[in-house]
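The values are calculated or read from the model by the stated rules, or taken from the named source; none is laboratory data. Treat the numbers as computed from the prediction; the structure is a model and nothing was measured. So basically every Cβ, Gly included, is an ideal-geometry build from the backbone, and we count neighbours across all protein chains shown.
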Amino acid sequence: MQCKFCSMHHMYGRTFRAFRLDRVIADLEDVRARGGRMVLFADDNITLDPDRLAALCEAIARARLNRIRYLVQASSAGLARRPDLAPAMARAGVDMVFLGIENVSRRNLEAIGKGDIVEYTRKAVRALHQAEIIVIGGMIVGMEDDTADDVYANFDFFRELEIDWLGDQILQPYPKTQLREEWFAKDLITNPDDYRRYDGYWANVRTRHLSSNDLQFHRWRAKTRYECLERPKALTLRKHPIYGRIQNYLIYPAQYLRHRLRGLLRSERDLYQREMRLDARLNRFSGLSDGPMPIAYD
């Protein structure tokens, strides 16, 4: 793929090498022999060759390696175009799929080179859920023309799709990417060289409507509300009963109660400023920073 925000094709080109299926099966048998219970397939897009993925799933099931739980990364378009893939993946023991959903705005998807995948995403999530596969949704906010409403619209979209686990980040101007070059020319990068903050959490860009600090705030506010009010879906509870119930009955209610109580004492902006300063200090303690880190480079 040639997404403008991604550095993968700059590092590796647009080709890939695939192991023979018997080699993959031998690796998985070795994992099982050593007591391994979960495997992450490192392919950044395992659906790029759907026929090979279908054959791999069949080989895993045939070798009775489907008691191992598998996590894979996939594209919405790849799954939506091949409705037989999701059931085949489930039979092979695929437990979770990370989907690069990125954004609900067709304008934004086109701008970052992702293409109009909104309907593909709907179909892919529906197919995975029907196959009882947990969906981890990747989200990117902070596009060039984003307003605060655009940030919240993405979280609303994920709630509508009943995404099981959220993986959100603020757009990052990674070195050598096409997006970085374009945004430099538009003066939208507010932190061009402090790479300690290039982790998806901190805002290193601004939009035409939001400063870096405002972008950071609205992402924090949207995510806080999403996490406080969301509950694990029935699928998550069935497949991960202990973890799901801890989240459902302890973590989320405690987060929501804490947020409401703190909101009675401070404004949301004050809460945001406090949490960002705490996070910046934790970064220093963990060795990720060797000096003061501002909340945002504006």
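Residue check: is residue 181 more than 30 Å from residue 95 (Cβ to Cβ) and part of a helix (DSSP H, G or I)? Taking the combined requirement at face value, the residue satisfies it. There is at least one residue in segment 218-237 that is under 28 Å from residue 134 (Cα atoms), touching a strand residue (DSSP E or B) at 6+ places or on another chain (Cβ under 7 Å), at pLDDT below 90 and not hydroxyl-bearing (Ser, Thr, Tyr).
Counting the residues of segment 1-49 that are touching a residue at least 60 places away in the same chain (Cβ under 8 Å) and within 18 Å of residue 97 (Cα to Cα) gives 0. Between 92, 86, 42, 61, the distinction of being surrounded by fewer than 17 Cβ atoms within 10 Å (Cβ to Cβ) and more than 29 Å from residue 219 (Cβ to Cβ) belongs to 61 only. Based on what the data block shows, is residue 187 free of Cβ contacts under 8 Å to residues at least 24 places away in the same chain and of a type outside the set (A, V, I, L, M, F, W, C)? For residue 187, the condition - free of Cβ contacts under 8 Å to residues at least 24 places away in the same chain and of a type outside the set (A, V, I, L, M, F, W, C) - is met. Of all residues in segment 172-189, those being over 20 Å from the mean Cα position of the chain (by Cα), of a type outside the set (Asp, Glu) and surrounded by fewer than 18 Cβ atoms within 10 Å (Cβ to Cβ) number 6.
When segment 13-26 is limited to residues that are surrounded by 11 or more Cβ atoms within 10 Å (Cβ to Cβ) and not in a loop (DSSP other than H, G, I, E, B), the one that is farthest from the chain's Cα centre (by Cα) turns out to be 26.
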